[in-house]
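A short write-up of the structure that comes next.
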Amino acid sequence: IVVWGGGLYSWFDPQSLIRAVALLAARRPETRLVFLGTKHPGVEPMGIVKESIELAEQLGVLGREVIFNEGWIPYEERQNHLSEADAGVSTHHVHIETEFSFRTRILDYLWAGLPMVVTEGDSFADLVAAEGLGVVVPAEDPEALAAGLERVLYDEDFAAAARERIARVRERFVWERALAPLLE
């Protein structure tokens, strides 16, 4: 189970990911991708939500290999979904937003100890690559995404080693450490 933690917005690239899951599921039919939230409370869904659902339907993976939670997971229930997942994913387009982003979904993956597949180009991708927390792939490349997903999901040695490194790295992001410079 691969989890997409958070909403679907136009600067993300869920469509390459859906294509990648369809490719991987042809070899590994037990593969599942779950989008935790499509309708953020109080915000109208962007067109990318509808487009992504339509693409999953066209590829024949909607509701089976690719699952969209139609609502929004309440905060107090997020850990249940994260703890059931085997990997986390975050894909985006090459965009100025990417360079300056700080994706809190990655913090969730670190907390849950999830090996990740992420698109290159932001500070968390640099961290994933430098610390061996998963796989970093080029933007808009379904084949590379499929290969990365296969590695974090089905290469047990790779995933176990990534989880060990995540356990160390996530300590850098606990509140006490993150807030220390502000408190100082």
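Summary table
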| quantity | calculated |
| --- | --- |
| Approximate spin-label separation residue 10-residue 155, in nm, with each point projected 7 Å along Cα-to-Cβ | 3.7 nm |
| Cα shape, the range 13-134, gyration tensor, a/c 1.5 rule | rounded |
| Directionally averaged shadow of the range 11-70, computed from the convex hull of its alpha-carbon atoms, nm² | 3.9 nm² |
| Label-point separation, residue 30 to residue 93 (7 Å along Cα→Cβ), nm | 3.7 nm |
| Residue 111 - accessible surface, heavy atoms, 1.4 Å probe, Å² rounded to 10 | 150 Å² |
| Loop sites in the range 52-148: trypsin sites (Lys or Arg not before Pro), DSSP, at most 13 other Cβ within 10 Å | 64 |
| Modelled FRET efficiency - R0 30 Å, residue 84 with residue 147, Cβ distances, 0.05 increments | 0.80 |
| Per residue, in Å², the accessible surface of the chain once ligands and nucleic acids are set aside, probe 1.4 Å | 52 Å² |
| R0 of 25 Å, Cβ-Cβ distance residue 182-residue 126: FRET efficiency to nearest 0.05 | 0.65 |
| Theoretical gain in end-to-end length, residue 140 to residue 100 [0.36 nm per residue, Cα-Cα removed] | 12.5 nm |
| Residue-span extension gain [residue 111 to residue 173] - 0.36 nm each, minus C-alpha spacing | 21.4 nm |
| The range 8-142 - percent of accessible surface contributed by carbon and sulfur, probe 1.4 Å | 53 percent |
| Max mean-square fluctuation residue, GNM over the chain, Cα-Cα springs under 10 Å, options 76, 150, 30 | 76 |
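The values are calculated or read from the model by the stated rules, or taken from the named source; none is laboratory data. Treat the numbers as computed from the prediction; the structure is a model and nothing was measured. Using ideal geometry, Cβ is built from the backbone for each residue, glycine included, and neighbour counts are taken over all protein chains shown. Note: accessible area is taken over every heavy atom of the protein model, side chains too, but ligands, DNA and RNA are not part of it. Shrake-Rupley method; radii C 1.70, N 1.55, O 1.52, S 1.80 Å.
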